[in-house]
């Protein structure tokens with residue numbers, strides 16, 4: 001019963017880790033996970049998020065075993 | 001449709017040639033091919049850049065690119081699309097990205113090629129970290145996709 005949380009690029013350096021497991025609970029949202037992990041801080045402006053490899057909004061409600069990712073604006077190409 | 005994310009240097013012309021061979025008889029219906037190759041500069045924001053590391057989100061990046069391509073094929077009635085994108089350590093002059101499209105008509109080829117490139121730049125999960133004489137730094141924004149965005 002866990003959610004896998006991943007961080008990428010400069011955000012991974014800022015939070016000091018690339019991955020962490022979070023215990024699942026009913027009604028858990030993408031925003032709530034960020035707040036749980038940062039002692040209540042809001043997601044910094046411009047940071048993007050995805051659930052199961054698809055972009056999402058902060059209010060997305062998670063299912064058990066989902067994978068959540070947070071990352072800075074993209075700069076590929 | 002082919003989307004490849006590669007961790008070693010690639011030759012864009014070889015990629016295009018190999019893909020065209022795979023088109024086979026379908027080439028008889030194709031009237032236009034448009035390609036874009038992006039490569040690494042040895043300067044950015046006024047500084048010399050020695051090398052670069054490109055990070056991506058395995059699983060999401062490839063899926064995102066495949067969805068983009070599927071939408072473009074439908075919207076512009078394309079015959080085929082090839083995207084190759086480099087990750088890992090890159091040095092100046094290396095190709096970073098190739099977008100190649102094949103269609104019956106040039107208008108669709110030109111438009112879709114540009115669209116795919118701009119979509120990739122603005123939404124595909126890749127991140128660049130540059131290595132300069134002063135150390136490493138993350139690239140925080142891409143250059144504009146239109147000449148109107150350049151100030152001089």
Within the group B:69, B:101, which residue is away from every other protein chain (no Cβ under 13 Å), surrounded by 13 or more Cβ atoms within 10 Å (Cβ to Cβ) and assigned to a strand (DSSP E or B)? B:101
When the range A:17-45 is examined, which residues are found to be on the phi > 0 side of the Ramachandran plot and at pLDDT below 95? A:39, A:40
Residue count, the range B:104-117, condition under 23 Å from residue B:7 (Cα atoms) and either surrounded by fewer than 16 Cβ atoms within 10 Å (Cβ to Cβ) or within 9 Å of another protein chain (Cβ to nearest Cβ) (or both), comes to 1
With buried (at least 20 other Cβ atoms within 10 Å of the Cβ) and under 29 Å from residue A:11 (Cβ atoms) as the only criterion, which of B:81, B:139 stands out? B:139
For residue B:85, only one of the following conditions fails: (1) out of contact with any helix residue (DSSP H, G or I) (no Cβ under 7 Å at 6 or more places or on another chain); (2) part of a helix (DSSP H, G or I); (3) in contact (Cβ under 8 Å) with a residue 24 or more places away in the chain. What is its number? (2)
Of these, B:24, B:38, B:46, B:59, which one is within 14 Å of chain A (Cβ to nearest Cβ), at positive phi and surrounded by fewer than 20 Cβ atoms within 10 Å (Cβ to Cβ)? B:59
Find all pairs meeting these conditions: Cβ atoms under 6 angstrom apart; at least six residues apart or on different chains; first residue within the range B:118-145 and without any contact (Cβ under 8 Å) to a residue 12 or more places away in the chain and at the interface with chain A (Cβ under 7 Å from one of its Cβ atoms); second residue part of a helix (DSSP H, G or I) and surrounded by 16 or more Cβ atoms within 10 Å (Cβ to Cβ). B:138/A:10
Answer yes or no as to whether residue B:93 is assigned to a helix (DSSP H, G or I) and either within 14 Å of chain A (Cβ to nearest Cβ) or modelled with pLDDT of 95 or more (or both). no
Which members of the range B:20-45 meet the condition of being out of contact with any helix residue (DSSP H, G or I) (no Cβ under 8 Å at 6 or more places or on another chain) and touching a residue at least 24 places away in the same chain (Cβ under 8 Å)? B:23, B:26, B:29, B:39, B:40, B:41, B:42, B:44
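The values are calculated or read from the model by the stated rules, or taken from the named source; none is laboratory data. Everything numeric in this text was worked out from a predicted model, so none of it was measured. Cβ atoms come from the backbone with ideal geometry, glycine included; neighbour counts cover every protein chain shown.
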